Amino acid sequence: MRPHQQESHEHHMVDKYTDVLTRYSAAPSMEETQAAIEKILTEKMPLYNTPEVKKLLFHCIDLTTLKCTDSERSVMQFTQRVNNFAEAYPSLPNVAAICVYPNMAEIVHSTLEVENVNIACVSGGFPSSQTFTEVKVAETSMAVHLGADEIDIVIHVGNFLEGNYPELCEEIQELKEACGDKHLKVILETGVLGTTENIKKASILAMYSGADFIKTSTGKEAIGATPEAAYIMCQAIKEYHAQTGRKVGFKPAGGINSATDALKYYTIVKEVLGEEWLNNELFRLGTSRVANLLLSDIVGEDVKFF
């Protein structure tokens, strides 16, 4: 391509993604967002503090181990606890998925005996997303080949902040393609995006590029999930659904440390997106810590099962 052709091609591409963003309303300010959240949580959250809601929240957990100390043996034991849960608590729904590094997909696949628990893998140069697109595609394809049902990737935050939307979006599209019919969860790393406007834009671009879920954080940055980010992302999902008819899921992750935290996200999803999103096909929680806390609340005694 000659230089001037290249320029016009790039200009056309930038227009395409910038044009998509113009179809959506501007994000509310941080102050407006906080006021809306305070109202929702004060008025509605006490109503949802019930055993039924806690059972649903437990059923929406992506039970996660992403440590540098993970080994085949530790991941096998981790998976075995999910198997054992079905026997220990036959009346309770199990977690939604087990989330691991891609090289552990095979061990989870061979150890997992219970039905309806998915295998999720982080991929694409997680958690920084700073590697070659070819490497991200290979890693994603290998994870799917070894048994992953879901892939969690991180957007290239640097490209987003620079306004390089074509490169950002085309990479997500390639990774979605590498997933085949498996679900792609796209992590926005909202804690470093800085503004409500950025969170809204990143949400729209990720969904436009094929995300089946948008997720707040990797849990590896100082700021993880926040109610503010959740509110903006759910508003974006709602608007995207109104425009396209496509339902995209929502997953808060990173820093969800208590049953109350989990309940906050349930309340925001319920009030912004409605009942249709309150199932583990469209709502997930990225946390392992809260599994025991929710379980303790449900059964009425202190449990350390996971």
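Pairs under 6 Å by beta carbon, first residue in contact (Cβ under 8 Å) with a residue 12 or more places away in the chain in segment 254-267, partner outside any helix (DSSP H, G or I) and surrounded by fewer than 24 Cβ atoms within 10 Å (Cβ to Cβ), six or more apart or different chains? So the pair list comes out as Gly254/Gly219; Gly254/Gly224; Gly255/Gly224. Restricted to segment 110-124, and to residues there that are in a loop (DSSP other than H, G, I, E, B) and of a type in the set (A, V, I, L, M), the residue that is least open to solvent (accessible area, probe 1.4 Å) is Val117. Please verify whether segment 125-135 includes one or more residues that are open to solvent by 50 Å² or more (accessible area, probe 1.4 Å), in contact with a Ser or Thr (Cβ under 9 Å, 6 or more places away or on another chain) and hydrophobic (A, V, I, L, M, F, W, C). Within segment 125-135, none of the residues are open to solvent by 50 Å² or more (accessible area, probe 1.4 Å), in contact with a Ser or Thr (Cβ under 9 Å, 6 or more places away or on another chain) and hydrophobic (A, V, I, L, M, F, W, C).
Taking segment 190-245 as the range and being modelled with pLDDT under 95 and among the aromatic types (Phe, Trp, Tyr) as the test, no residue passes.
If you scan segment 136-158, which residues turn out to be open to solvent by 10 Å² or more (accessible area, probe 1.4 Å) and under 20 Å from the mean Cα position of the chain (by Cα)? Explain how you work it out, then say what you get.
Step one: of segment 136-158, the residues open to solvent by 10 Å² or more (accessible area, probe 1.4 Å) are 137-139, 141-142, 144-147, 149, 156-158.
Once the filter is applied, which keeps residues that are open to solvent by 10 Å² or more (accessible area, probe 1.4 Å) and under 20 Å from the mean Cα position of the chain (by Cα), segment 136-158 yields Val137, Glu139, Ser141, Val144, Gly147, Asp149, His156, Val157, Gly158.
Could you go through segment 73-96 and let me know if any residue there is out of contact with any Lys or Arg (no Cβ under 6 Å at 6 or more places or on another chain) and farther than 22 Å from Val303 by Cα. There is at least one residue in segment 73-96 that is out of contact with any Lys or Arg (no Cβ under 6 Å at 6 or more places or on another chain) and farther than 22 Å from Val303 by Cα.
Considering only residues in segment 183-214 that are touching a strand residue (DSSP E or B) at 6+ places or on another chain (Cβ under 6 Å) and either open to solvent by 10 Å² or more (accessible area, probe 1.4 Å) or aromatic (Phe, Trp, Tyr) (or both), the one that is nearest to Glu32 (Cα to Cα) turns out to be Phe213. Tallying residues that are touching a residue at least 60 places away in the same chain (Cβ under 8 Å) and more than 16 Å from the chain's Cα centre (by Cα) within segment 179-200 yields 3. Selection of segment 80-109 for residues being open to solvent by 50 Å² or more (accessible area, probe 1.4 Å) and hydrophobic (A, V, I, L, M, F, W, C) yields only Ala88. When you look at Leu92, is it more than 29 Å from Ser203 (Cβ to Cβ), assigned to a loop (DSSP other than H, G, I, E, B) and not polar (S, T, N, Q), yes or no? Yes: the conditions hold for Leu92. Here Leu278 fits the description: within 17 Å of Pro93 (Cβ to Cβ) and under 17 Å from the mean Cα position of the chain (by Cα).
The values are calculated or read from the model by the stated rules, or taken from the named source; none is laboratory data. Please read these numbers as outputs of a predicted model, since none were measured by experiment. Cβ atoms come from the backbone with ideal geometry, glycine included; neighbour counts cover every protein chain shown. Side chains are part of the model used for accessible areas, which takes the heavy atoms of the whole protein and leaves out ligands, DNA and RNA. Shrake-Rupley method; radii C 1.70, N 1.55, O 1.52, S 1.80 Å.
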